[in-house]
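Below you'll find the structure, written out as structure tokens, and then a few comments.
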Amino acid sequence: MKKRNLILLWLTAVLILLAACQPTEQEDTINLPAESPAPGVEPPPGFADWDAVLQAAQGQTVNFYMWGGSDLINGWVTGYVADAVQERYGVTLNMVPVADGPEYVNKVLGEQQAGRDEDGSVDLVWVNGENYRTMRQAELLYGPFSEYLPNSIYVNWNDPSVANDFGLSVDGYEAPYGKAQFVMIYDSAKIENPPTTVDELLAWIQANPGLFTYPAPPDFTGSAFVRHICYHAVGGYENLLGEFDQALFDAQLPACWDVLNQIEPFLWREGQTYPESHTRHQELFANGEVYFDMAYNPAEASSLVENGRYPETTRTFVFDEGTIANTHYVAIPYNSPNKAAAMVVANFLLSPEAQLSKAQPENWGDLPVLDPALLGAEDQAAFNAIPRGVATLSTEELAANRLPELQAPWLTAIEQAWETAVLQP
Amino acid sequence: MPTRLRPYLLLAPTLAVILLLFGGGVLLALMQSVGYLPFLGRTEITLDAYRAILQQAAFSQSFFLTLWVALASTAVSTLLALVCALALRRPFRGHRLITFIFQLNIPIPHLVGAVGILFLFSQSGFLARLANLAGLISQPADFPAIVFDPWAIGIILEYVWKTTCFTGLILLATLQGVGNDLETAAQNLGANRWQRFRYVTLPLLTPSMVSASVLVFAFTFGAFEVPLVLGQRFPSMLPVLAYRSYVDIDLNARPEAMAMNVIITLLIGVLIFLSTCASRTKRCAVNGER
């Protein structure tokens, strides 16, 4: 891991040098696109207007730190996005894959400790939830910038699920990137009638020992699965809404650990161990060791089918009581030397064009974050025409079964307690 | 004058790197482990982190697992290396080819080895599929749990696979260095095969065997990537446990991560010191006199 980072660092350094050495002939030929910022919003700190941002962005390299566990997503970013921003804005996009968010949080934090306040190595991060909260609280983020992005006019900032990231307000420190919803994945050739409620799933697990497991929290996906069980065990998410409350936690959550411990002997490997990550869990499902997969992305299964990694008969379902949904974002560290280019990339990711490309199952299949009502008729039609993929549920079915996320401190507390209450014998 | 300075000058670049990167890293870890975290506004020195991890059952379980893996890997690989070195010592038909094969995995990274073990030995891996084809097992769970297992067999397998040739090559070089005059002499004096091995060859090999196994032990005790890929989730080996605390979203877990790293470093350091002493002179461990 470390070695790879080092190599990437060197590559980046070489790229920057190369970029610096190149003659600046590009500047003359490129016509700056006629884009204007959202009206009535102050320009981001350090820039007079959007033209200044575009000018400054020319020739900069953006180190985009993101979860790198999906070849599909990586390919979309290094291919489509990188090509587009290079061609249109003269911005070089360098994707840096990480296994989990805290890796880049630690990196920026380390730079802050070392006093590198001007020349950080991270320019853009794919972020939400706990990592956003940590970075925001340690004042590691640049902003406010996101409401000034020209394409943010397509974002409905009044939608609480967009304006709040796991209960913490966005305040222009994050630019929306996409929406996601949790789904369960199964192979219809092996299970004809999948369980449709949490109760039925629990019964299925006990009736079919060894064929179910979930990634060990703090893995993002596994943690989300555990929250579904907890919502169920405490009698609904309503009981856990609001600020984190230790007394409430201690009173309510034991019910959740009871349920998880009851099913543990019936899990894969008798629950003695859990898959380390979502990726590992996908391998178990693909190899037929377990019969259920899960994803915080409704279209992931379809993409994997299209790729040939999952069987054609793969399908998804959401629980009748609903599944958790959230918005994910990109943010800019306070010490990025390439903030202008990072904003240009964030703005491009928000464009109807990029959101449409991202929503295609063969590209990524991520849910668009733009409000259809704010789009032109043409764009609306294009979004409606997105092929859904064999395993993806309809937008209506997903929207009808949506549960909110808890505030981030709840997540952290649940993840930590899971270690001692469920994992350790 | 220049000749007296020469070794220092030649060593300076390497020493500077070691002292700065390793020493600096250890110093930072030490500071953070005692709770000195100015970026969190904490400058008070405290041993809370050490106290906390030493009280955790998870830490002691991880410690014993790590000890088991390091000891088992070192013992098995050293024994295999000894046998291989003795076998490869004298020429035979195909000797060069087999020596080449024996050294083949030296440049292969541990991570690749770990993934290879995963592909071969997991319950839906290559061997499980062969067993299924042969009608030995009917579903993945029937295949014995060799990776992610409580005894860390998968991790030990990887370490044995990788370190046997390392130790073996060191032993082989030693054997070729000493030649076989002493053994021939012993034979002439009437020593049988076992006696020649026990009283001549083995003592000659012991110093390099000790240093090679100390290196192997120190590496397997402190390495992180193989247990991360092949280990079960709980208990996990110490380096993995430390890594998890390090990437914990709660920054307050940082001192504990660093305390674990300091403990790992300390244990390995003490071990290397003792073994260096032991191989130099048998008295040094007692009172340090030369």
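Of all residues in segment A:178-222, how many are assigned to a strand (DSSP E or B) and charged (D, E, K, R)?
The number of residues fulfilling the criteria is 2.
Quick check on A:V155: is it within 11 Å of another protein chain (Cβ to nearest Cβ), modelled with pLDDT under 95 and either more than 28 Å from A:W50 (Cα to Cα) or in contact with a Leu (Cβ under 8 Å, 6 or more places away or on another chain) (or both)?
Taking the combined requirement at face value, the residue does not satisfy it.
Is it the case that B:I108 is at pLDDT 90 or above, in contact with a helix residue (DSSP H, G or I) (Cβ under 6 Å, 6 or more places away or on another chain) and more than 19 Å from A:W268 (Cβ to Cβ)?
Spelling it out, it is not the case that B:I108 is at pLDDT 90 or above, in contact with a helix residue (DSSP H, G or I) (Cβ under 6 Å, 6 or more places away or on another chain) and more than 19 Å from A:W268 (Cβ to Cβ).
Which of the residues that make up segment B:153-187 are polar (S, T, N, Q) and surrounded by fewer than 17 Cβ atoms within 10 Å (Cβ to Cβ)? Please lay out each step first, then the result.
To start, the set of residues in segment B:153-187 that are polar (S, T, N, Q) comprises B:163-164, B:167, B:174, B:176, B:180, B:184, B:187.
Within segment B:153-187, B:Q176, B:N180, B:T184, B:Q187 meet the criteria.
Kindly establish whether A:A251 is within 13 Å of chain B (Cβ to nearest Cβ), out of contact with any helix residue (DSSP H, G or I) (no Cβ under 6 Å at 6 or more places or on another chain), surrounded by fewer than 19 Cβ atoms within 10 Å (Cβ to Cβ) and not polar (S, T, N, Q).
Numbers: within 13 Å of chain B (Cβ to nearest Cβ): no; out of contact with any helix residue (DSSP H, G or I) (no Cβ under 6 Å at 6 or more places or on another chain): yes; surrounded by fewer than 19 Cβ atoms within 10 Å (Cβ to Cβ): yes; not polar (S, T, N, Q): yes.
For A:A251, the condition - within 13 Å of chain B (Cβ to nearest Cβ), out of contact with any helix residue (DSSP H, G or I) (no Cβ under 6 Å at 6 or more places or on another chain), surrounded by fewer than 19 Cβ atoms within 10 Å (Cβ to Cβ) and not polar (S, T, N, Q) - is not met.
Among the helices (runs of 4 or more DSSP H) confined wholly to segment A:295-388, which include 1 or more residues that are surrounded by fewer than 18 Cβ atoms within 10 Å (Cβ to Cβ), in contact with a Leu (Cβ under 9 Å, 6 or more places away or on another chain) and among the basic types (K, R)?
none
Report every pair of residues separated by at least 6 positions or lying on different chains whose Cβ atoms are under 8 Å apart, first residue within segment A:212-228 and within 19 Å of A:L403 (Cα to Cα) and among the aromatic types (F, W, Y), second at pLDDT 95 or above and not in a helix (DSSP H, G or I).
From segment A:212-228, the pairs are A:F225/A:F182; A:F225/A:Y214; A:F225/A:P215; A:F225/A:M294.
Has segment B:8-22 got at least one residue that is outside any helix (DSSP H, G or I) and loosely packed, with under 14 Cβ neighbours inside 10 Å?
Scanning segment B:8-22, I find no residue that is outside any helix (DSSP H, G or I) and loosely packed, with under 14 Cβ neighbours inside 10 Å, so the answer is no.
In segment A:198-245, which residues are within 29 Å of B:S124 (Cα to Cα), more than 13 Å from every other protein chain (Cβ to nearest Cβ) and among the polar types (S, T, N, Q)?
A:Q206, A:T221
Check off (1) more than 8 Å from chain B (Cβ to nearest Cβ); (2) modelled with pLDDT under 90 for A:Q113 and give me the number that stays unchecked.
Unmet condition: (1).
Among the residues of segment A:239-289, count how many are free of Cβ contacts under 8 Å to residues at least 12 places away in the same chain and under 24 Å from the mean Cα position of the chain (by Cα).
Summing the residues that are free of Cβ contacts under 8 Å to residues at least 12 places away in the same chain and under 24 Å from the mean Cα position of the chain (by Cα) in segment A:239-289 gives 1.
How about segment A:79-110: which of its residues are within 10 Å of another protein chain (Cβ to nearest Cβ) and of a type outside the set (V, I, T)?
A:A99, A:D100, A:G101, A:P102, A:E103, A:N106, A:L109, A:G110
Restricting to segment B:32-62, count the residues that are under 17 Å from B:Y246 (Cα atoms), touching a residue at least 12 places away in the same chain (Cβ under 8 Å) and not polar (S, T, N, Q).
Of the residues in segment B:32-62, 11 are under 17 Å from B:Y246 (Cα atoms), touching a residue at least 12 places away in the same chain (Cβ under 8 Å) and not polar (S, T, N, Q).
Which condition number does B:P109 fail, the rest of (1) touching a strand residue (DSSP E or B) at 6+ places or on another chain (Cβ under 7 Å); (2) of a type outside the set (A, V, I, L, M); (3) over 29 Å from A:T420 (Cα atoms) being met?
(1)
Looking at (1) within 15 Å of the chain's Cα centre (by Cα); (2) β-branched (V, I, T); (3) closer than 30 Å to A:V105 by Cα, find the lone condition where B:V214 falls short.
Going through (1) within 15 Å of the chain's Cα centre (by Cα); (2) β-branched (V, I, T); (3) closer than 30 Å to A:V105 by Cα one by one, B:V214 breaks only (3).
Of all residues in segment B:246-269, which are surrounded by 20 or more Cβ atoms within 10 Å (Cβ to Cβ), of a type outside the set (A, V, I, L, M) and within 12 Å of chain A (Cβ to nearest Cβ)?
B:R254
How many residues does segment A:116-139 contain that are of a type in the set (D, E) and at the interface with another protein chain (Cβ under 10 Å from one of its Cβ atoms)? I'd like the intermediate steps shown before the answer.
Residues of segment A:116-139 that are of a type in the set (D, E), as a first pass: A:117-119, A:123, A:130, A:139.
Then keep just the ones that are at the interface with another protein chain (Cβ under 10 Å from one of its Cβ atoms); that gives A:130.
The total comes to 1.
Does any residue of segment A:240-263 turn out to be at pLDDT 95 or above, among the aromatic types (F, W, Y) and touching a strand residue (DSSP E or B) at 6+ places or on another chain (Cβ under 9 Å)?
No.
Determine whether A:A399 is within 29 Å of A:N131 (Cβ to Cβ), surrounded by fewer than 21 Cβ atoms within 10 Å (Cβ to Cβ) and aliphatic (A, V, I, L, M).
yes
Has segment B:113-121 got any residue that is touching a residue at least 60 places away in the same chain (Cβ under 8 Å), under 23 Å from B:F166 (Cα atoms) and in a loop (DSSP other than H, G, I, E, B)?
No, because not a single residue in segment B:113-121 is touching a residue at least 60 places away in the same chain (Cβ under 8 Å), under 23 Å from B:F166 (Cα atoms) and in a loop (DSSP other than H, G, I, E, B).
Among B:A128, B:A70, which is at negative phi, in contact (Cβ under 8 Å) with a residue 12 or more places away in the chain and within 11 Å of another protein chain (Cβ to nearest Cβ)?
Matching residue, one of B:A128, B:A70: B:A128.
Kindly establish whether B:F92 is in a loop (DSSP other than H, G, I, E, B) and either in contact with a helix residue (DSSP H, G or I) (Cβ under 9 Å, 6 or more places away or on another chain) or among the aliphatic types (A, V, I, L, M) (or both).
It is true that B:F92 is in a loop (DSSP other than H, G, I, E, B) and either in contact with a helix residue (DSSP H, G or I) (Cβ under 9 Å, 6 or more places away or on another chain) or among the aliphatic types (A, V, I, L, M) (or both).
Given (1) part of a helix (DSSP H, G or I); (2) surrounded by fewer than 22 Cβ atoms within 10 Å (Cβ to Cβ); (3) modelled with pLDDT of 85 or more, where does A:W418 come up short, assuming only one miss?
All conditions are met except number (2).
Quickly run through segment A:262-291 and pick out the residues that are more than 7 Å from chain B (Cβ to nearest Cβ), assigned to a helix (DSSP H, G or I) and under 23 Å from A:Q424 (Cβ atoms).
A:Q262, A:I263, A:E264, A:P265, A:F266, A:W268, A:E270, A:G271, A:H278, A:R280, A:H281, A:L284
The values are calculated or read from the model by the stated rules, or taken from the named source; none is laboratory data. Predicted model only: the values in this text are computed from it and were never measured. Using ideal geometry, Cβ is built from the backbone for each residue, glycine included, and neighbour counts are taken over all protein chains shown.
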